[in-house]
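First comes the structure, then the notes that go with it.
The values are calculated or read from the model by the stated rules, or taken from the named source; none is laboratory data. Because the structure is predicted, anything quoted here is derived from the model rather than measured. FYI the Cβ positions are ideal-geometry reconstructions off the backbone, even for glycines, and counts take in every protein chain you see.
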Amino acid sequence: MKVHKKINNELEQLKSESRSKAPERIVNSFIPAHDDKGPRFLLEGQGDKEFIRMNSNDYLGLSLHPDLANAGDVAAKELGANAGGVRFISGTTKYHVALEKKLAEFHKKEAAKIFSCAYMANLGIALAMMNKETFVISDQLNHNSIARAIRIAGVKRENKGFYKHNDMEELRKVLDNMPEGINRVIVIFDGIFSMRGDYAPMKEIIALAKEYDDMFEDGVITIVDDSHGTVAYGRTGRGTPEVTDSMDVDIIVSTLGKGIGAEGGYVASSKEIIEMVRQKGDTYIYTNPVTPAGAAAGIASLEIIDSEEGIALIEKARLNALRFRKGIEALGYDTIPGIHPIVPVVLRDTDKVNKTVKHLYDKGILATGIIYPVVPKGDETIRMQLSASHTDRDIDYVLSVFKEAKEMF
Ligand SMILES: Cc1ncc(COP(=O)(O)O)c(C=O)c1O
């Protein structure tokens, strides 16, 4: 095709700007946890070399839990390998409905709707709630899916406001300087910021929203995308709203594909807003839902999370993050303060990040380097993600490899 020439140029350009994604590693199988070792992963082309996964969003290790696989198995045998249609035609099964009920209860909201993933959930809530007369205020470090959703929903450039990451004075300034004719304001933000592991000051954001609510016909609505916070954070796994005592946030967007260990995304809120999503959220309406197996796995996961086993897993993830954080700081590495299982090891240098990630890989540790332009120059980081499935021995081994890496520079 003629277009290949231009595409190849663009791909080369991305490479030359260090913006192209590395080739994907293929996971062929895993070895379940045994003795004092957590799960190990075998990769295509790496023979029987075992890898510890330190770059997964599976914060509680639930994606490998037999109850989830079994629940999916039963649902697939009962109702087939997919739902057979979009939700409003023939694709709503008892598993989808039960999962939505459970998610609403989990977040103490009236209702919920599931999407194929959280990316689509952000698009869906934006299409349902934002229009040309809406003013949308975002944290500058919000996830790509939120920024994309606001664009797709057609919010005008002059109706977009931003505040510096977690800066409440700036948020107030944006609220103070609203253009004429705005009838609805939405403040939208990540709960946990995935590149940093820190969290939004939700209580302050909600207090500001309430303070300005009367000034707009439809009020000031708060939306948190807690994809990395849900189940990974807070004593009972209710995420950033639990940690910040902000369960009264208006709308929660989250994923089933990270800590919950299943598949899909969702929005939880009032009955009215969820009905609006069902009527106007195109990424809910015109697309396949998750499979019955995926929905059943989500239900099984939430049952575990709300049991003693789940509470213990959440606590283990917290303790593992703490062990790693203390160890890495004792080695003299910089981190960003926080208590989430994302622990960024801040190296502030692309070359150091690349060499350290390679050294970790050589020693059987999967970790992700995050370099400019994903983060500003000077913030180059290795994002380590702890999980309840790691053992003390795993963590101490990873720390010993970081110690070796430090000696390389
Ligand atoms: C804040 C945030 N929102 C949404 C997503 C997308 O989640 P999903 O994989 O379910 O689409 C991510 C994942 O990286 C995320 O970090």
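For the stretch 128-151, the count of residues that are on the phi > 0 side of the Ramachandran plot and loosely packed, with under 15 Cβ neighbours inside 10 Å is zero. Out of everything in the stretch 1-37 that is surrounded by 10 or more Cβ atoms within 10 Å (Cβ to Cβ) and among the hydroxyl-bearing types (Ser, Thr, Tyr), what residue ends up being nearest to residue 53 (Cα to Cα)? Once the filter is applied, the top-ranked residue is 20.
Of the strands (runs of 3 or more DSSP E) lying entirely inside the stretch 71-181, the ones with 2 or more residues being within 16 Å of the ligand (Cβ to nearest atom) and assigned by TED's automatic domain parsing to the domain that holds residue 266 are found at 111-115, 134-139.
Within the stretch 178-188, does at least one residue satisfy the condition of being in contact with a Ser or Thr (Cβ under 8 Å, 6 or more places away or on another chain), surrounded by fewer than 21 Cβ atoms within 10 Å (Cβ to Cβ) and acidic (Asp, Glu)? Taking every residue of the stretch 178-188 in turn, none turns out to be in contact with a Ser or Thr (Cβ under 8 Å, 6 or more places away or on another chain), surrounded by fewer than 21 Cβ atoms within 10 Å (Cβ to Cβ) and acidic (Asp, Glu).
Answer yes if at least one residue in the stretch 226-249 is within 16 Å of the ligand (Cβ to nearest atom), part of a strand (DSSP E or B) and in contact (Cβ under 8 Å) with a residue 12 or more places away in the chain, and no otherwise. Scanning the stretch 226-249 turns up no residue that is within 16 Å of the ligand (Cβ to nearest atom), part of a strand (DSSP E or B) and in contact (Cβ under 8 Å) with a residue 12 or more places away in the chain. For the stretch 282-305, filtered to residues that are over 14 Å from residue 68 (Cα atoms), surrounded by 24 or more Cβ atoms within 10 Å (Cβ to Cβ) and not aromatic (Phe, Trp, Tyr), the residue that is nearest to the ligand (Cβ to nearest atom) is 290. For the stretch 18-58: of the residues being under 23 Å from the mean Cα position of the chain (by Cα) and aliphatic (A, V, I, L, M), which is farthest from the ligand (Cβ to nearest atom)? Per the criteria, the residue is 52.
Taken as a whole, the condition of being within 17 Å of the chain's Cα centre (by Cα), part of a helix (DSSP H, G or I), within 30 Å of residue 398 (Cβ to Cβ) and away from the ligand (no atom under 16 Å from the Cβ) does not apply to residue 312.
For first residues located in the stretch 1-14 and outside the structural domain of residue 373 (by TED's automatic domain parsing), partners that are in a loop (DSSP other than H, G, I, E, B) and lie 6+ apart or on another chain with Cβ distances below 8 Å form the pairs 11/20; 14/20.
Among the residues in the stretch 344-358, are any in the same structural domain as residue 232 (by TED's automatic domain parsing) and farther than 23 Å from residue 102 by Cβ? Looking for residues that are in the same structural domain as residue 232 (by TED's automatic domain parsing) and farther than 23 Å from residue 102 by Cβ, one finds none in the stretch 344-358, hence no. Scanning the stretch 312-321 for residues that are of a type outside the set (D, E, K, R) and either surrounded by 23 or more Cβ atoms within 10 Å (Cβ to Cβ) or within 15 Å of residue 243 (Cβ to Cβ) (or both) yields 313, 314, 317, 320, 321. Which ones in the stretch 38-58 are at negative phi, free of Cβ contacts under 8 Å to residues at least 60 places away in the same chain and either part of a loop (DSSP other than H, G, I, E, B) or exposed (fewer than 14 other Cβ atoms within 10 Å of the Cβ) (or both)? Within the stretch 38-58, 44, 46, 48 qualify.
Suppose we filter 335, 368 for residues that are free of Cβ contacts under 8 Å to residues at least 24 places away in the same chain, more than 18 Å from residue 61 (Cα to Cα) and touching a helix residue (DSSP H, G or I) at 6+ places or on another chain (Cβ under 8 Å); which single one remains? Result: 335 is the single residue among 335, 368 that is free of Cβ contacts under 8 Å to residues at least 24 places away in the same chain, more than 18 Å from residue 61 (Cα to Cα) and touching a helix residue (DSSP H, G or I) at 6+ places or on another chain (Cβ under 8 Å).
Pairs meeting the criteria (first residue in the stretch 261-281 and more than 16 Å from the ligand (Cβ to nearest atom), second residue acidic (Asp, Glu) and assigned to a loop (DSSP other than H, G, I, E, B), beta carbons under 6 Å, at least 6 apart or on different chains) are 270/110; 271/110. May I ask you to list the residues in the stretch 187-224 that are within 16 Å of the ligand (Cβ to nearest atom) and among the β-branched types (Val, Ile, Thr)? Residues satisfying the conditions are 187, 188, 192, 205, 222, 223, 224.
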